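Read through the structure below, which is laid out as structure tokens, and then see the notes.
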Amino acid sequence: MPKAYVFTRYGGPETEALVELDRPRPGPGEVLVAVRAAGVNPVDWKQRTGFRRPGESGERAFPVVLGNEAAGVVEETGEGVTGFAPGDEVFGNTVAGGYAEYALLAAGITAHKPAELSFTDAATLPVAAATAYDGVHQLGLPAGATLLVTGAGGGVGVAAAQIARALGLRVLGVASDGKKDLLESLGAVHVPSGDGWADAVRLTAPDGVDGVYDLVGGEVLHAAAGLVRDRARLITAGASPEDVERLGGARVGRARDAAVLRAVADLVVRGDLNPHVTLTFPLERAAEALHEVETGHARGKVVLEIGSPA
Ligand SMILES: NC(=O)c1ccc[n+]([C@@H]2O[C@H](COP(=O)([O-])OP(=O)(O)OC[C@H]3O[C@@H](n4cnc5c(N)ncnc54)[C@H](OP(=O)(O)O)[C@@H]3O)[C@@H](O)[C@H]2O)c1
């Protein structure tokens, strides 16, 4: 039977297990893929703890397969699905987990994988890169404006910095010292995180920054709010809507459509976006992959390579 990496109840890593599960059957609007790669994101371990996305309700049936994005080869399509056929190479948002040999994608948030794009890179685009793309476009800053990105060395931050640079923005990226080289390779100005980071931003941008894309939340978000000239240009993916709205900003609005997936894939193909996959693991080592992300200090993206990724 096909393998999948699941959690068996809400809790910590001790609830995770590699199990055998029946191959899922695609329902209406779903696409069954043989997974070649699955992206690993903070939301995966948050869901294991019982976290739900805004608007999500209902009881989960355990075991729950971990993961929210995958790239693979179409095996079968569900009722009403057009535009995808068995053998197509695709990537998209999963319906019921991605850390598995077979996964269901939501057809409306699935796109064909360009031949130039590897399965491994494609698997990172639906969550991190698409969130980066949505946020940078939501800010709508003109070329030459200065964007501050906090958590700039993680999955969303690395993509946001590059998408912003491709639009002609100046990017100040807050990240730990070990990520200085990474930030500079993206064309961003590295601002070391920790005590004094906000003062360092003030020295670089004495009149304040034109926009903030926060990916950390908490005290970092609060400090960042004091650095932006117009709070309407303060957004976050790392804090609750209530926290950021209290400061006059907004949570990133997610498009969750295939057009954004095609747009970020084009950026990769054109060489404007490198997801920076820094660690890959086989499905059998999914625990280590998720642990890396759960530390909160991932560098770029972590991906599970399943079957034979190319
Ligand atoms: N709404 C959505 O649709 C959506 C989608 C994707 C992500 N998100 C959320 O957005 C956030 C970022 O996601 P991600 O995938 O980029 O996460 P990630 O890959 O884990 O990166 C987060 C980065 O934050 C930095 N960081 C952690 N603690 C910090 C602190 N106290 N001060 C300063 N920097 C700190 C880390 O960098 P250093 O090692 O340099 O400290 C790390 O690189 C998460 O909360 C995630 O759940 C939301």
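Couple of notes before you dig in:
- The range 135-156 - residue that is part of a loop (DSSP other than H, G, I, E, B) and away from the ligand (no atom under 13 Å from the Cβ) and, of those, surrounded by the most Cβ atoms within 10 Å (Cβ to Cβ): LEU141
- The test for being among the hydrophobic types (A, V, I, L, M, F, W, C), more than 16 Å from the ligand (Cβ to nearest atom) and assigned to a helix (DSSP H, G or I) does not hold for LEU221.
- Candidate set from the range 265-289 (those that are touching a strand residue (DSSP E or B) at 6+ places or on another chain (Cβ under 9 Å) and aliphatic (A, V, I, L, M)); member that is farthest from the ligand (Cβ to nearest atom): LEU283
- For the range 38-54, filtered to residues that are of a type outside the set (S, T, N, Q), within 12 Å of the ligand (Cβ to nearest atom) and surrounded by fewer than 24 Cβ atoms within 10 Å (Cβ to Cβ), the residue that is nearest to GLY300 (Cα to Cα) is PRO42.
- Meets criteria (more than 25 Å from VAL268 (Cα to Cα), among the hydrophobic types (A, V, I, L, M, F, W, C) and free of Cβ contacts under 8 Å to residues at least 60 places away in the same chain) for VAL64: yes
- Residue count for the range 109-127, restricted to those that are surrounded by 24 or more Cβ atoms within 10 Å (Cβ to Cβ), in a helix (DSSP H, G or I) and not acidic (Asp, Glu): 5
- Looking only at the range 237-257, and only at residues there that are among the hydrophobic types (A, V, I, L, M, F, W, C) and closer than 18 Å to LEU148 by Cα, the one that is farthest from the ligand (Cβ to nearest atom): LEU247
- Those strands (runs of 3 or more DSSP E) lying entirely in the range 225-310 with at least 2 residues over 22 Å from HIS137 (Cα atoms): 277-282, 301-305
- Among the candidates ALA85, ALA100, ALA61, residue that is at pLDDT below 95, aliphatic (A, V, I, L, M) and out of contact with any helix residue (DSSP H, G or I) (no Cβ under 6 Å at 6 or more places or on another chain): ALA61
- The single condition among (1) surrounded by fewer than 22 Cβ atoms within 10 Å (Cβ to Cβ); (2) farther than 21 Å from ASN93 by Cβ; (3) within 21 Å of the chain's Cα centre (by Cα); (4) not polar (S, T, N, Q) that PRO241 does not satisfy is (2).
- Selection over the range 207-218 of residues that are surrounded by 24 or more Cβ atoms within 10 Å (Cβ to Cβ) and assigned to a loop (DSSP other than H, G, I, E, B) gives a count of 1.
- Checking ALA164, ALA132, ALA159 one by one, the residue that is touching a His at 6+ places or on another chain (Cβ under 9 Å), part of a helix (DSSP H, G or I) and either surrounded by fewer than 24 Cβ atoms within 10 Å (Cβ to Cβ) or not β-branched (Val, Ile, Thr) (or both) is ALA159 and no other.
- The range 167-188: number of residues that are assigned to a strand (DSSP E or B) and within 11 Å of the ligand (Cβ to nearest atom): 3
- In the range 194-218, residue farthest from the ligand (Cβ to nearest atom) [restricted to those that are among the hydrophobic types (A, V, I, L, M, F, W, C) and within 23 Å of ALA143 (Cβ to Cβ)]: ALA205
The values are calculated or read from the model by the stated rules, or taken from the named source; none is laboratory data. Just so you know, these numbers come straight off a predicted model, no measurement behind them. Note that each Cβ is placed from the backbone with ideal geometry, even for glycine, and that neighbours are counted across all protein chains shown.
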